[in-house]
Amino acid sequence: MGAIKFLVVGVLVAGVAFKVAEKMLVIPPIPAIDPNPWWGPGQPQPEDTTIKPFKIKIPENDVEDLKTRLGLPLRLTPPLIGANFTYGMSQNTLEQIVTYWKTKYNWTEREKKLNQYPHFKTRIEGLDIHFLRASAKVTEKKGTKVVPLLLIHGWPGSFVEFYSILPLLTKPQDGSDVVFEVICPSIPGYGFSQSSAKQGLGLMETSQIFLKLMKRLGYDKFYLQGGDWGAIISNFMATMYPDNILGVHLNMVAVNTPGPNIKLILGAVLPAGIVVAEKDQDKLYPLGDKFSMIARETGYLHLQATKPDTVGAALNQSPVGLASYILEKFSTWTHQNNPHLPDGGLLQKDFPIPLDELLDNICVYWFTGSITSSMRYYAENFGRMSATFLMDRIPCEVPAGIAVFPQELLNQPKNFIAHKFHDIVTYTDQPAGGHFAAMERPQLLAADIHKFVSAVEKRR
C-alpha cells in the first residue's frame with residue numbers, strides 16, 4: 001500500500017513538473033510597450049526631430065564650486081588594520097586620490113579631450129538625448145567597408161569609457177575588412193542625456209529610444225556593442241528589432257533561463273566535460289565561491305533597485321563621497337583580487353585605467369548631477385523583472401559575438417549562452433581584463449569587435 005502511495009505521489013509530482021517545464025519552454029511574445037510615450041516633464045509636445053551640435057562646456061562657477069568642495073577638510077575614518085579594500089574604499093587611498101584631484105587634475109584640459117569628438121543632442125520621446133559621433137577614417141586601403149556601430153555604456157560608466165577604443169574602431173586595422181562609424185549615446189538619466197520625469201523608463205524603453213536615434217541619423221540597419229547595461233540594452237534591441245540589427249557584440253552576458261540554470265547545477269555534480277567543458281570550469285565553479293562573491297559585490301544593486309534617491313542625495317552633495325562610491329567599483333570589477341591590495345589596485349603602476357580617465361568619468365556624473373537618475377535605472381528595471389526574464393526566454397536570431405574577459409563578475413560558457421543567442425559567430429576567451437573592457441583592454445576588445453563584424457559581413 002505504501003508503495004502505491006509513493007507511486008501516485010511520484011506521478012503527481014512528475015505531472016506538475018512537466019506542466020511547469022512545458023510552460024517555461026513556451027516562447028513568450030515580446031512584451032508590448034507604448035510606441036510614442038512622453039518621458040519629459042509636463043504634457044506631450046510635438047516632437048522636435050532636429051539634431052543640434054553640443055559642446056561640453058561646464059560653467060566656471062561649477063568648476064570653482066567643485067574645487068571648493070574638494071578643499072574642505074576631509075572627515076575620514078582610518079581603515080581597519082589589514083582590511084585593505086575588503087570593507088570598501090580605503091580612506092587612505094581616497095585621501096591620496098582627492099589630493100591628486102585637487103592639485104594635479106586639470107578639468108579644463110580634460111574637457112578639451114572630451115570634445116575631440118563632435119557631440120550632439122536630439123529630442124526623443126520628450127527627452128534630450130546626448131550622443132557623440134566618431135566618424136570612420138577611410139584610407140586608401142581597398143576592400144574596407146564602413147559600417148555603423150551603436151556603442152552603449154553601463155553603470156557606473158558613461159560615454160567616457162570609449163575614448164581609448166574609438167581610434168581602434170574608426171581606423172582600418174590589420175586583419176579586418178571593416179571600419180566603423182560609431183554612435184555613442186548616453187543612456188537617459190546618465191551624463192548629458194536628460195532623465196525621465198516619470199516612472200517606467202527601463203531597458204525596453206531605452207531600446208526603443210536608441211532605435212529611433214539611429215533611424216533619425218539615417219541608419220535603418222546597424223551593429224550593436226555593449227557591456228553592463230549596454231550589453232543588456234543591446235541584447236534587448238537585437239531581440240526586439242532583428243530586422244534592424246546586423247549583429248550584436250557583447251562583453252558581458254548571462255542567460256537566466258531554465259536550460260542554463262539546470263546545466264549549472266548538473267555541471268556542479270557531474271565530471272568536467274559532460275555538461276561544462278574543462279576549460280570553462282573556472283567560470284562557474286566552485287558554486288559556493290561564486291555565489292559568495294556575487295552576494296558580496298551586489299549590495300549596491302539591491303540598494304539602487306529599491307531606494308536610489310536616498311543614497312543619491314548624499315553622493316550628489318559630496319564629490320569625495322561620489323568618488324569613493326564609484327572608484328570602489330572600478331577597483332573590484334577590474335580585478336577580483338584588488339580588494340586584497342592596500343590601494344585596491346587603483347594607484348598601482350599597472351592599473352589598466354589612468355587616474356585622469358577615472359576622474360573624467362566621475363566629473364561627468366558630478367557636473368551633470370546625474371548620479372541619482374543613473375541609479376534609478378536599477379529601480380526601473382529590477383522592479384520589472386518579469387519582463388526582463390521573459391526577454392531572456394525569447395531567442396535572439398541575430399548574429400552574435402561574445403568576448404569573455406576573465407575578471408568579469410559573471411561569465412557563462414558558450415553552450416549556456418546559446419539558449420538565448422542562436423547564431424553565435426564568435427565566442428572568445430580573452431587573456432586578461434575585467435568589467436570595463438573598453439577602458440582596460442581597448443586593443444583586445446576592438447580586435448574582437450573587428451573579427452566578429454568582419455565574419456558577419458563575409459556571410460552577408
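Bear in mind that the values in this text are calculations on the coordinates, not laboratory data. All figures in this text were calculated on a predicted structure; none of them were measured in a lab. When we count neighbours, we look across all protein chains shown, and the Cβ atoms used for this are built from the backbone with ideal geometry, even at glycine.
Taken together, the residues in segment 242-295 that are surrounded by fewer than 15 Cβ atoms within 10 Å (Cβ to Cβ) and among the charged types (D, E, K, R) amount to 5.
For Met439, the test of being touching a Pro at 6+ places or on another chain (Cβ under 8 Å) and either of a type in the set (Ser, Thr, Tyr) or over 19 Å from Leu169 (Cβ atoms) (or both) is failed. Say we look at segment 179-221 and pick out the residues that are buried (at least 24 other Cβ atoms within 10 Å of the Cβ) and of a type in the set (Phe, Trp, Tyr); which of these is nearest to Arg133 (Cα to Cα)? Ranking the candidates gives Phe180 first. Does Met439 count as touching a Ser or Thr at 6+ places or on another chain (Cβ under 7 Å) and within 25 Å of Thr206 (Cα to Cα)? Judged against the criteria, Met439 is a match.
Rundown of residues vs (1) touching a strand residue (DSSP E or B) at 6+ places or on another chain (Cβ under 9 Å); (2) buried (at least 19 other Cβ atoms within 10 Å of the Cβ); (3) in a loop (DSSP other than H, G, I, E, B), yes/no style:
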site: Ala83; (1), (2), (3): no, no, yes
site: Thr93; (1), (2), (3): no, yes, no
site: Gln96; (1), (2), (3): no, no, no
site: Tyr100; (1), (2), (3): no, no, no
site: Gly143; (1), (2), (3): no, no, yes
site: Val146; (1), (2), (3): yes, no, no
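Consider segment 61-81. How many of its residues are assigned to a loop (DSSP other than H, G, I, E, B) and exposed (fewer than 14 other Cβ atoms within 10 Å of the Cβ)?
9
Got at least one residue in segment 286-303 being β-branched (Val, Ile, Thr), closer than 30 Å to Ser186 by Cβ and not in a loop (DSSP other than H, G, I, E, B)? Yes: segment 286-303 contains one or more residues that are β-branched (Val, Ile, Thr), closer than 30 Å to Ser186 by Cβ and not in a loop (DSSP other than H, G, I, E, B). If the condition is being within 25 Å of Ala379 (Cβ to Cβ) and part of a strand (DSSP E or B), then segment 223-265 contributes Leu224, Gly226, Leu250. Taking segment 41-60, which residues are touching a helix residue (DSSP H, G or I) at 6+ places or on another chain (Cβ under 8 Å) and in a loop (DSSP other than H, G, I, E, B)? Across segment 41-60, the qualifying residues are Thr49, Ile56, Lys57, Ile58.
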